[in-house]
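Shown next, in structure tokens, is the structure this report addresses.
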Amino acid sequence: MSPATPSRWPAPRPKLGQHFLTDPAASHAIVDALGDLSTRTVLEIGPGHGAITALLAPRCRRLIAVELDPALAAELRFRLRAHANVEIIEADILTTDISALISPDEIADDATIDVVGNLPYYITSEILLRLFAAGRAGLLARAVLMMQREVADRLAASPGVRDYGLLSATTQMNARVETLFTLPPEAFSPPPAVYSTVVRLEFAPRFVELNVDPAGFDAFLKTCFAQKRKTLANNLRAAGHSPAALQAAWPAEIPPQARAESLALEPLAALYRTLKPSPRGGPINA
């Protein structure tokens, strides 16, 4: 952990969703979950006081830490000043161009970035969407991320269970999900009101495999999951698809009264390929 004493640390800023990891064993487990980093570039999202950053610095070839809080960014630059491979960027990860973080040498080598972070609960979904876009562009290999346990459960949920929904389907179109471990509130300062789970994502977009275009299929999934209580057919009709068009395109493997949350991605992709998608749809809610 940090050589600085907790009394000297800046007070957490609730509006930034700051809950700092204080469990050394958990910090080591998160870094270990990334594997051998000796030749890797790592992007850390929201490093805070550097519990994970300090462990990554001597392990990876290059470390880029994006921190929104100016006081924390300044603290990290001072603490890690001896590590020439570490760059602290004071910025919002939601407006950071991940492609711009890759150096010309890495571009020439067709290199990818690994990601690690304790994600602010209130913008977890927005961050995930940005990572998925970067994964589709071939920029990312894997990510080890901590988030609210309920959100992690939804990422890994299988069709037919209560937690499966739009976030599940979107995640599983973009990555393989592995749940690693869960931490109690007392592993953080200040303690959050919820448990936190660490997941590992191996970015492996399935759009080519399922023969669907990313933008169109994203919009289609939003339509399919628009209202959880409605059947898939009713959601599609509400989005403007006619009953005749649905009947003509409906795959045999999808029951007429099926809801989207009961279906795997393969039959949804089959329906999409035979049905002109509607552009309507709402955001993922975490």
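FYI, it's all coordinate maths here, none of it is from the lab. The structure presented is a predicted model; accordingly, all values stated were derived computationally and were not measured. Because the Cβ atoms are built from the backbone with ideal geometry, glycine has one as well, and the counts that use them run over all protein chains shown.
Restricting the trypsin sites (Lys or Arg not before Pro) of the stretch 142-176 to loop positions (DSSP other than H, G, I, E, B) with no more than 14 neighbouring Cβ atoms within 10 Å leaves 162. What the phi angles of the stretch 200-216 give under the Karplus curve with 6.51, -1.76 and 1.60, with θ = phi - 60°, is a coupling list of 10, 10, 9, 5, 8, x, 10, 5, 5, 4, 8, 6, 10, 8, x, 5, x Hz, glycine and proline written as x.
Amide H to amide H distances under 5 Å link residue 44 with 64, 65, 66, 116, where only residues 5 or more positions off or on other chains count and H is placed in the peptide plane. Applying the criteria of a DSSP loop state and at most 12 other Cβ atoms within 10 Å to the trypsin sites (Lys or Arg not before Pro) of the stretch 75-136 yields 81. Dipole check for the chain: with +1 at the C-beta of Lys and Arg, -1 at the C-beta of Asp and Glu, and the Cα centre as origin, the magnitude is about 860 Debye. Phi angles of the stretch 189-194 translate, via the Karplus equation with coefficients 6.51, -1.76, 1.60 and θ = phi - 60°, into HN-Hα couplings of 9, x, x, x, 8, 9 Hz per residue; Gly and Pro are given as x. Charging the Cβ of each Asp and Glu at -1 and of each Lys and Arg at +1, and nothing else, the dipole of the stretch 125-179 about its Cα centre rounds to 140 debye. At residue 230 and residue 264, where each label point lies 7 Å from the Cα along Cα→Cβ, what is the point-to-point distance in nanometres? Distance between label points: 2.7 nm.
Shown in residue order for the stretch 88-102 are the 3J(HN,Hα) couplings computed by the Karplus curve 6.51 cos²θ - 1.76 cosθ + 1.60 at θ = phi - 60°: 9, 10, 8, 6, 8, 4, 6, 10, 8, 7, 4, 4, 6, 7, 7 Hz (x for Gly and Pro). For helix 265-274, report the angle its Cα long axis makes with the longest principal axis of the Cα atoms of the chain; keep it between 0 and 90° and round to the nearest 10°. Compared with the principal axis, the helix lies near 50 degrees. Placing unit charges on each Cβ (+1 for Lys and Arg, -1 for Asp and Glu) gives the stretch 61-109 a dipole about its Cα centre, and among 82, 64, 104 the Cα reaching farthest toward its positive end belongs to 82.
Exposed loop sites here are GluC sites (Glu not before Pro) in DSSP loop states with at most 13 other C-beta atoms within 10 Å. What is the longest stretch of the chain lacking them?
Looking at the chain, 1-208 is the longest stretch - no exposed GluC sites (Glu not before Pro) with at most 13 other Cβ atoms within 10 Å.
Working from Cα pairs under 8 Å separated by at least six residues, relative contact order for the chain is 15 percent. For the chain, the longest principal axis of the C-alpha atoms and the axis of helix 124-136 are separated by about 80°. For the chain, adding -39500 (n - 2.57) for each run of n ≥ 4 DSSP H residues and dividing by the number of residues yields -9000 deg cm²/dmol at 222 nm. Projected onto their three principal axes, the Cα atoms of the stretch 32-114 cover extents of 35, 27, 23 Å, largest first.
Compared with the dominant principal axis of the Cα atoms in the chain, helix 70-79 is inclined by about 50°.
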